[in-house]
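The values are calculated or read from the model by the stated rules, or taken from the named source; none is laboratory data. Keep in mind it's a predicted model, so treat the numbers as computed, not measured. Every residue, glycine as well, gets a Cβ built from its backbone with ideal geometry; the counts of neighbours run over all protein chains shown.
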Amino acid sequence: MNYIKNIIIGIYRLMQGMYITMLNFIRPKVTEQYPENRGKVFPHERMRGQLIMPHNENNQHKCTACGICMTNCPNGTIQVISKKETDEETGKEKKVLDKYLYDLGSCTFCALCTMTCPQDAIEWSTNFEHAMYTRSKLVERLNKKGSSLIKK
Amino acid sequence: MFDFGVVTNWIDLFLRSNMSENMALFVEFVLVGFAILAVYAVLALLLIYIERKVCAFFQCRIGPNRVGPWGLIQSVADMVKILLKELIKIDRADPVLFRIASFLVIIASICTFGAIPFDPALHAVDFNIGIFYLLAVSSLGVVGILLAGWSSNNKYTMIGAMRSGAQLISYELSCGLSLMTIVILSGTMQLSEIVNQQSEMWFLFKGHIPALIAFVIYLIASHAETNRGPFDLPEAESELTAGYHTEYSGIQFGFFYLAEYLNMFIVAAIAATVFLGGWMPLHIPGWEGFNGIMDKIPPFIWFFGKTFFCVFLALWIRWSFPRLRIDQLLHLEWKILMPLALINILLMALCVI
């Protein structure tokens, strides 16, 4: 009796499995076909694609060249190179940003830099098309030429 | 109702009017051989494409979609690749047996393929012992698999071949027994006669419960015979790399691959012919108008529709269930399916009386 019961339970369980795979079969597929849907499907806005430094219309950014991002970066992806400049109002020497170098090739997208930035000067963009022919092109300068700090 | 009788009769008349009787017969034999080989190859490509696509859909993927529209030419590209590959010589393998094995497997499957009734007029081999012939020829493939495992000089192929031998020979039993149930019902082994007898109703419905049980047993046993799905122990890639065809490369591997997919088609075709009426349209006694509409659909569409339905069932099972262990596999056959099939034969005999 137990033998027949086992067979019937077994068949029922197999049917359950087949029901679930059939549900998967008719479910709409989530695969994105990348080059075809390029520009049509946008990645999630919280996706970490690339580090950027937003500039306003006067070519000004928020970075004070404090270097916290550089010290927090676990693998030396960020290099903050600063220079001394005399302030026009007070006449004192002040540290300002010269070059903000970001090496995409060694970045692990851990986001420790954006989390610790006291000025919110850097953030993530969702651009993910990073392919280059040489490694050296992956090193980017994030602040634009001639840009300066936003005056408060 | 269109069938290929128009085409075959025209070729026959044309040949006979242009040459002597024997010559015409000879040319027809050659033509039939070519046609079977061509359909065999095309079906294999189609089946590989279907398999990959259906498998992908079961896993929530899209599957091949780059080569041609919807990836339709993907399997052609794969075939070209496999034809261009090198045939690697195995160190200290038995060269003769190693070569013969792949041919044996594919010859067995082509011989079976020839006996399938695709259409009233497309039926190359129609013996009066059709089902017996099918069973006998399809089990020749075991010899090829055993030889492949033995001659490769590799322990994995050997284990794979031995497992395959045990599996194929034991599942052949319940496979044959379930087909015998239908032979009892129809009283003939000739495939064309079996199909003709289903003109009123398919054997699946005509044979009451025994036919239904036989159909289920046949589906399970034949699925195990194709070495696929939850019964793919001979290949068991996590244990035996690729089982009996580990050492094969290039077109020799292609033969095994082709034979595997075509065996899937062949067992589905036999299931469709014996249980689901082959090329015979769906007829319900008493519903004349309905039967008339069903007759409008050409028989080869009926045949391929039913066969691909069975193929889809096989794929569904394959991508649903995990692989069995070898003792569970033999337990299923010898302690469940075989007794069930034997009792089922008795039941059918009682039904017929």
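Residue count for the stretch B:282-320, restricted to those that are in a loop (DSSP other than H, G, I, E, B), over 21 Å from the mean Cα position of the chain (by Cα) and either within 29 Å of B:Val7 (Cβ to Cβ) or within 14 Å of chain A (Cβ to nearest Cβ) (or both): 4. Determine whether the stretch A:74-91 contains at least one residue that is modelled with pLDDT under 85 and either within 14 Å of chain B (Cβ to nearest Cβ) or surrounded by 12 or more Cβ atoms within 10 Å (Cβ to Cβ) (or both). Within the stretch A:74-91, one or more residues are modelled with pLDDT under 85 and either within 14 Å of chain B (Cβ to nearest Cβ) or surrounded by 12 or more Cβ atoms within 10 Å (Cβ to Cβ) (or both). Does B:Phe255 meet the test of being among the hydrophobic types (A, V, I, L, M, F, W, C) and within 22 Å of B:Val80 (Cα to Cα)? It is true that B:Phe255 is among the hydrophobic types (A, V, I, L, M, F, W, C) and within 22 Å of B:Val80 (Cα to Cα).
For the stretch A:47-69, the criterion of being among the charged types (D, E, K, R), under 19 Å from the mean Cα position of the chain (by Cα), modelled with pLDDT under 85 and not in a strand (DSSP E or B) is met by no residue. Comparison of A:Ala131, A:Ala65 shows that the only residue that is small (Gly, Ala, Ser) and exposed (fewer than 11 other Cβ atoms within 10 Å of the Cβ) is A:Ala131. How many residues does the stretch B:203-253 contain that are part of a helix (DSSP H, G or I) and hydroxyl-bearing (Ser, Thr, Tyr)? Qualifying residue count for the region: 4. Of all residues in the stretch B:60-88, those being within 14 Å of another protein chain (Cβ to nearest Cβ) and either at positive phi or under 25 Å from the mean Cα position of the chain (by Cα) (or both) number 5.
Counting the residues of the stretch B:279-322 that are farther than 20 Å from B:Phe231 by Cα and in contact with a Ser or Thr (Cβ under 9 Å, 6 or more places away or on another chain) gives 7. Scanning the stretch A:8-33 for residues that are surrounded by 12 or more Cβ atoms within 10 Å (Cβ to Cβ) and either in contact (Cβ under 8 Å) with a residue 24 or more places away in the chain or more than 27 Å from B:Gln59 (Cα to Cα) (or both) yields nothing. Residues being charged (D, E, K, R), out of contact with any strand residue (DSSP E or B) (no Cβ under 9 Å at 6 or more places or on another chain), within 14 Å of chain B (Cβ to nearest Cβ) and surrounded by 10 or more Cβ atoms within 10 Å (Cβ to Cβ) are entirely absent from the stretch A:34-44. Residues that are crowded, with 19+ Cβ neighbours inside 10 Å and without any contact (Cβ under 8 Å) to a residue 40 or more places away in the chain do occur in the stretch B:305-313, at least one of them.
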